[in-house]
Amino acid sequence: MQRLLPMVHEVLAEAGIGASELDCFAFGRGPGSFTGLRVATGVVQGLAFGADRPVIPVSSLATIAQGFARSHAEFSGTLAVAVDARMDEIYGARFSVDGNRVTALGDELLVAVDQWPAALCEADAICGSGWQLAPSGIERASVCQIDIEPDAQDVLTLALQGDVMPICATQALPVYLRDSVSWQKRTRVRTTSL
Amino acid sequence: MRVLGIETSCDETGIALYDTERGLLADALYSQIAVHSEYGGVVPELASRDHVRKTLPLIQQVLDDAGITRSELDAVAYTAGPGLIGALMVGAGVGRAMAYALGIPAIGVHHMEGHLLAPMLEDNPPDFPFVALLVSGGHTQLVQVEGIGRYELLGESLDDAAGEAFDKAAKMMDLDYPGGPHIARLAERGTLGRFTFPRPMTDRPGLDFSFSGLKTYTLNTVAEHALDNGLPDDQTCADIALAFQEAVVGTLVIKCRRALKQTGYKRLVIAGGVSANKSLREQLEAQLAKIGASVFYARKEFCTDNGAMIAYAGAQRLLAGQTADLAIQVTPRWPMDQLTPAGTDAHD
């Protein structure tokens, strides 16, 4: 949180342009740490609203897939990304990778580790921290990169690819996937207000 | 100077636009009460999720209401603490980044300084110096105020805040959240004198408060009169609500009088959610008139959290030359007497 704007400023200064000269803002919209997503979302909302420019929300799982494609230039095939979602769950998604071109195959999932989705096992390559949690007996593809995090340059690649339409800053929101955490509701006796 | 104020420290998203020449231009509030009431209190994660949805649309609404564009803003003020860290981060992130993109200064505001200065937005604002009673769901403090940022803590709650005690007493009788307005409404139907609750720490010298004993006393009284469903009958609930409110208000009044006597000041400012309580206002006015002192408070909607007080407090800090740097900083726990007087080095 404290480093974000100074880093934005440093990058813009290095490029010799001001925030108001940018055409669009791309950001990692999740899934991931709720607080981390909101820091990025809040800051990008502020930047884009201030500069009066649109926003391109980019999937964090797609960003990881794009990073994998960048570092495996020779690879072509399907890729299964899994990220540790805590609470014994993972965020997962499948992509097709063809050179530098990454395309999502189906929805992003939030699933329990002990219900490891078969779809993730059928890929030609796997990546992401979530694979460390895969139960024994789950077969892993031979092409594998566990240690990979989303990188801003891959957010840019995906944003420039044009698959995601730019939206208004007010619509730039995190995608949590986990929307129904079971906080305990209070038990009520009264059926009407007193 | 036109200052945008952003308040997201708890369960209200408050946005306002304050002009140092023309006064308050617009304000908007989104309350999350409906979201949290079924949990009986604020769920921090849900609060943060709502703030990130509501902040920008409300900013747009306030600009539209005031008929100005974003490029006509001169500065952005946001609550930097104290409060829920995740909730604070949303307003601070949006506000600081927007100011950066607009190329204008930003300032992080202390939430309680915002409350304390809220009566300055009224037609008859108090002059310095004064004693302030800050009384909300998170705070019960008596502060000696000599000027902006010149605060000395005279006394505070050693346990629950007064507003928190209201919430908990309401919960004991299965009333809705937040408890303050519901207790106050029910108390109007109560029979004065049926119950007398203790006024904690009033028989001892000093200006500190304690409300946990009163809470236990309330719980015991509710249990004593409980019917099969675990609750007393409706009239008894009203009588308990009145006795509880009288005890809290009575305690606050005694301590305020004592604080004015100790400082020799003739002005008392009450601020924070509980300062909206009608009985507190009436009893303070009646009691303080006897000693030639007057009471100041904000309009009801500016007693609870709002963007106007943040815009105003931020404007005062900015006028004194203070600004926030690019490292976005929020301070969930931030004692008020750590603030610096306006005109000296800022917190940020």
Return the pairs, sorted by first residue and then second, in which the second residue is open to solvent by 40 Å² or more (accessible area, probe 1.4 Å), the first residue lies in region A:141-158 and is without any contact (Cβ under 8 Å) to a residue 24 or more places away in the chain, the beta carbons are less than 7 Å apart, and the residues are 6+ apart or on different chains. A:146/A:132
What number goes with the only condition from (1) within 17 Å of residue B:308 (Cβ to Cβ); (2) outside any helix (DSSP H, G or I) that residue B:91 does not pass? (2)
Look through region A:42-75, keep the residues that are closer than 25 Å to residue B:104 by Cα and surrounded by fewer than 23 Cβ atoms within 10 Å (Cβ to Cβ), and return whichever of them is farthest from the other protein chains (Cβ to nearest Cβ). A:54
Within region B:260-277, is there a residue that is over 24 Å from residue B:204 (Cβ atoms) and among the β-branched types (Val, Ile, Thr)? yes
Looking only at region B:257-265, decide whether some residue is open to solvent by less than 30 Å² (accessible area, probe 1.4 Å) and of a type in the set (A, V, I, L, M). yes
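Name the residue that is surrounded by the most Cβ atoms within 10 Å (Cβ to Cβ), counting only residues in region B:1-31 that are β-branched (Val, Ile, Thr) and over 12 Å from residue B:58 (Cβ atoms).
Within region B:1-31, the subset β-branched (Val, Ile, Thr) is B:3, B:6, B:8, B:13, B:15, B:20.
Restricting the remaining residues to those that are over 12 Å from residue B:58 (Cβ atoms) gives B:3, B:20.
Working: B:3: 29, B:20: 16.
Result: B:3.
Would it be correct to say that residue B:238 is outside any loop (DSSP other than H, G, I, E, B), in contact with a Leu (Cβ under 7 Å, 6 or more places away or on another chain), touching a residue at least 40 places away in the same chain (Cβ under 8 Å) and crowded, with 20+ Cβ neighbours inside 10 Å?
Working: outside any loop (DSSP other than H, G, I, E, B): yes; in contact with a Leu (Cβ under 7 Å, 6 or more places away or on another chain): yes; touching a residue at least 40 places away in the same chain (Cβ under 8 Å): yes; crowded, with 20+ Cβ neighbours inside 10 Å: yes.
Yes; evaluated as a whole, the condition is true for this residue.
I'm checking my understanding of the structure. Among residues of region A:106-120 that are out of contact with any strand residue (DSSP E or B) (no Cβ under 7 Å at 6 or more places or on another chain) and open to solvent by 50 Å² or more (accessible area, probe 1.4 Å), which one is farthest from residue A:133 (Cα to Cα)? Step through it out loud before you land on a result.
Step one: filter region A:106-120 for residues out of contact with any strand residue (DSSP E or B) (no Cβ under 7 Å at 6 or more places or on another chain), giving A:107, A:114-116, A:118.
So of that shortlist, the ones also open to solvent by 50 Å² or more (accessible area, probe 1.4 Å) come out as A:107, A:114-115, A:118.
Values: A:107: 21, A:114: 9, A:115: 11, A:118: 15 Å.
Here the residue is A:107.
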Restricted to region B:268-307, and to residues that are among the polar types (S, T, N, Q) and crowded, with 24+ Cβ neighbours inside 10 Å, which residue is nearest to residue B:20 (Cα to Cα)? B:306
Taking into account only those residues within region A:76-88 that are open to solvent by 10 Å² or more (accessible area, probe 1.4 Å) and in contact with a Gly (Cβ under 9 Å, 6 or more places away or on another chain), which is farthest from residue B:78 (Cα to Cα)? A:76
Scanning region B:47-67 residue by residue, the ones that are open to solvent by 30 Å² or more (accessible area, probe 1.4 Å) and closer than 19 Å to residue B:83 by Cβ total 2
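Say whether the condition of being touching a residue at least 40 places away in the same chain (Cβ under 8 Å), open to solvent by less than 20 Å² (accessible area, probe 1.4 Å), within 22 Å of residue B:25 (Cα to Cα) and over 17 Å from the mean Cα position of the chain (by Cα) is met by at least one residue in region B:308-316. Reasoning before the result, please.
Pass one, region B:308-316, residues touching a residue at least 40 places away in the same chain (Cβ under 8 Å): B:308-316.
Subset that is open to solvent by less than 20 Å² (accessible area, probe 1.4 Å): B:308-311, B:313-315.
After this cut, where a residue has to be within 22 Å of residue B:25 (Cα to Cα) as well, the list is B:308-311, B:313-315.
Still in the running and over 17 Å from the mean Cα position of the chain (by Cα): B:315.
Yes, region B:308-316 contains a residue that is touching a residue at least 40 places away in the same chain (Cβ under 8 Å), open to solvent by less than 20 Å² (accessible area, probe 1.4 Å), within 22 Å of residue B:25 (Cα to Cα) and over 17 Å from the mean Cα position of the chain (by Cα).
Residues are listed down the side, and each one gets a yes or a no for (1) in contact with a Phe, Trp or Tyr (Cβ under 9 Å, 6 or more places away or on another chain); (2) at the interface with chain A (Cβ under 7 Å from one of its Cβ atoms):
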site	(1), (2)
B:56	yes, yes
B:64	no, no
B:77	yes, no
B:86	yes, yes
B:90	no, yes
B:94	yes, yes
B:98	yes, yes
B:110	yes, no
So, in region A:142-194, of the ones that are more than 14 Å from chain B (Cβ to nearest Cβ) and small (Gly, Ala, Ser), which residue ends up farthest from the chain's Cα centre (by Cα)? A:142
Within region B:176-215, residues being open to solvent by less than 70 Å² (accessible area, probe 1.4 Å), part of a helix (DSSP H, G or I) and either within 14 Å of residue B:162 (Cα to Cα) or outside the structural domain of residue B:161 (by the TED database) (or both) number 8
Those residues of region B:97-152 which are assigned by the TED database to the domain that holds residue B:273 and among the hydroxyl-bearing types (Ser, Thr, Tyr) amount to B:136, B:140, B:151
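The values are calculated or read from the model by the stated rules, or taken from the named source; none is laboratory data. On a predicted model such as this, the values are computed, not experimentally measured, just so you know. No Cβ is skipped: glycine too gets one built from the backbone with ideal geometry, and neighbour counts run over all protein chains shown. Just the protein is used for accessible areas: all its heavy atoms, side chains included, with ligands, DNA and RNA removed. Shrake-Rupley method; radii C 1.70, N 1.55, O 1.52, S 1.80 Å.
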